[in-house]
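Trainee: One structure is given below, represented as structure tokens, and several questions about it will come after.
The values are calculated or read from the model by the stated rules, or taken from the named source; none is laboratory data. This structure is a prediction, so every number in the text was calculated from the model and none was measured. Don't worry about glycine lacking a Cβ; one is built from the backbone with ideal geometry, like all the others, and counts go over all protein chains shown. Ligands, DNA and RNA are stripped out before the accessible areas are found, and what is left, the full protein with its side chains, is counted by its heavy atoms. Shrake-Rupley method; radii C 1.70, N 1.55, O 1.52, S 1.80 Å.
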Amino acid sequence: MSITAGKGKRLTAYHSIFDGIAHIYQDDKKSGKVWQFRMWIKDERKHYRKSLRTTNYDEAYNKGLDLALELSSDQRVGKQIFGITLGEFVDLYLEYREKDVGTEDTDITKDRWRAIGCSLKYIIRILGKNTKISSIDVVALYEYRQLRNQIRHASLGGIRNEQAIFNHMWKWGFRNKLTNFEKLEFRKISGEIGKRNTFTDEEYDKLVRYMRSYCSKKQCPDDEERLERLLVRDFVLISSNT
């Protein structure tokens with residue numbers, strides 16, 4: 001294959017791939033004779049750049065061709081090439097959940113919201129806040145129990161609850177096209193058969209919604225009986241949080 005001479009002061013050589021969709025080039029001022037790759041990602045309006053780590057033209061061309069095919073395939077299935085970082089993802093999710101605090105349909109307490117934030121600190125510590133969401137694999141936290149206990153020991157119920165929070169976040173991200181898959185996979189924990197001693201977020205939210213309906217004037221028009229129900233509601237909610 002022939003090499004096209006570069007134009008201008010910086011590029012010394014280049015070659016187009018897929019009729020100009022991508023190309024490889026040499027830039028003596030930045031990388032010497034090492035071949036570089038560049039491709040325009042239309043949906044995200046950015047150039048994807050990567051060093052091909054070789055000075056051999058044929059090897060660089062084949063690497064560039066494989067990379068262009070991979071990126072084109074990812075774009076066809078809607079995968080984000082650049083995307084956001086894990087830290088940004090967590091911040092967006094917490095902002096979304098904060099809007100549920102005190103709302104009628106998805107009521108969570110401020111303390112529950114803070115607890116969610118504390119749980120999400122562990123996924124950041126394990127995977128890194130600057131890690132791109134698009135680069136996280138479905139089994140990245142498969143051994144979460146071991147990874148979590150290396151940081152700080154947690155009960156079985158606590159680990160299960162944290163895993164549920166992670167997957168609730170991932171499902172939200174998938175609905176909003178921030179993640180490439182719907183949920184993370186975790187290794188089954190031995191001895192997990194039986195009732196947990198803590199509520200998941202979904203269970204707690206269902207409990208709050210039910211207690212609200214249980215004490216409503218529609219369900220209980222009698223004032224005296226409704227007062228009794230309100231006392232029961234307070235007892236149940238206080239117990240569920242303590």
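Trainee: Whole-Å semi-axes of the stretch 33-74's equivalent ellipsoid, largest first, each the root of 5 times a Cα gyration tensor eigenvalue?
Mentor: Numbers: eigenvalues 83, 26, 6 Å².
Largest first, the stretch 33-74 gives 20, 11, 5 Å.
Trainee: In debye to the nearest 20, how big a dipole does the stretch 45-106 give about its Cα centre with +1 on each Lys and Arg Cβ and -1 on each Asp and Glu Cβ?
Mentor: 520
Trainee: Distances over 16 Å make up what percent of all Cα-Cα pairs in the stretch 74-152? Each step should come with its number before you reach the end.
Mentor: Working: 1868 of 3081 pairs.
Percent of Cα pairs beyond 16 Å in the stretch 74-152: 61.
Trainee: Let me ask another. What does the accessible area of Glu225 come to, in Å² to the nearest 10, when a probe of 1.4 Å is used?
Mentor: Here the residue's solvent-accessible area equals roughly 80 Å².
Trainee: Could you work out how far the C-alpha centroid of the stretch 217-235 sits from that of the stretch 12-61, in angstrom?
Mentor: If we compute the Cα centre of each part, the gap is 70 Å.
Trainee: Determine the dipole magnitude for the chain: charges of +1 sit on the beta-carbon of Lys and Arg, -1 on that of Asp and Glu, nothing else is charged, the reference point is the Cα centre, and the result goes in debye to the nearest 20. Present the calculation step by step, with values, prior to reporting the outcome.
Mentor: On the way: 45 positive and 35 negative charges, 221 e Å.
Dipole of the chain, to the nearest 20 debye: 1060 debye.
Trainee: Report, to the nearest whole %, how much of the accessible area of the stretch 26-65 belongs to carbon and sulfur atoms, 1.4 Å probe, protein only. Present the calculation step by step, with values, prior to reporting the outcome.
Mentor: Numbers: 1140 of 2660 Å².
Carbon with sulfur: 43 percent of the solvent-accessible area.
Trainee: Follow-up question, since we're still on this one. Which one of Leu207, Leu227, Thr131 has its Cα pushed farthest toward the positive end of the charge dipole of the stretch 109-240, where Lys and Arg give +1 and Asp and Glu give -1 at the Cβ?
Mentor: Thr131
Trainee: Let me ask another. Using the crude model of +1 on Lys and Arg Cβ and -1 on Asp and Glu Cβ, and no other charge, please compute the dipole size for the stretch 108-181 relative to its Cα centre, in debye to 20. Mind dumping the intermediate values first?
Mentor: Numbers: 14 positive and 4 negative charges, 52 e Å.
It comes to approximately 240 debye.
Trainee: Quick one: Cα convex hull volume of the stretch 105-211, Å³ per residue?
Mentor: 119
Trainee: Distances longer than 30 Å among the Cα atoms of the chain: what percent of all pairs is that? Spell out each step's value before the answer.
Mentor: Working: 14369 of 29161 pairs.
The proportion of pairs with Cα distances above 30 Å equals 49 percent.
Trainee: Give me the percent of the accessible area of the stretch 68-113 that comes from carbon and sulfur atoms, probe 1.4 Å, all protein chains in place.
Mentor: Working: 1200 of 2530 Å².
Carbon and sulfur atoms account for 48 percent of the accessible area of the stretch 68-113.
Trainee: Further question on the same structure: Could you derive backbone 3J(HN,Hα) for the stretch 137-142 from the dihedral phi with the Karplus parameters 6.51, -1.76 and 1.60 (θ = phi - 60°), listing whole Hz in sequence and x where the residue is Gly or Pro?
Mentor: Calculated HN-Hα couplings, in order: 7, 4, 9, 4, 10, 4 Hz.
Trainee: In Å², and per residue, what accessible area does the chain have when probed at 1.4 Å with the other protein chains present?
Mentor: Details: 15190 Å² over 242 residues.
Here the residues of the chain average 63 Å² of exposed surface.
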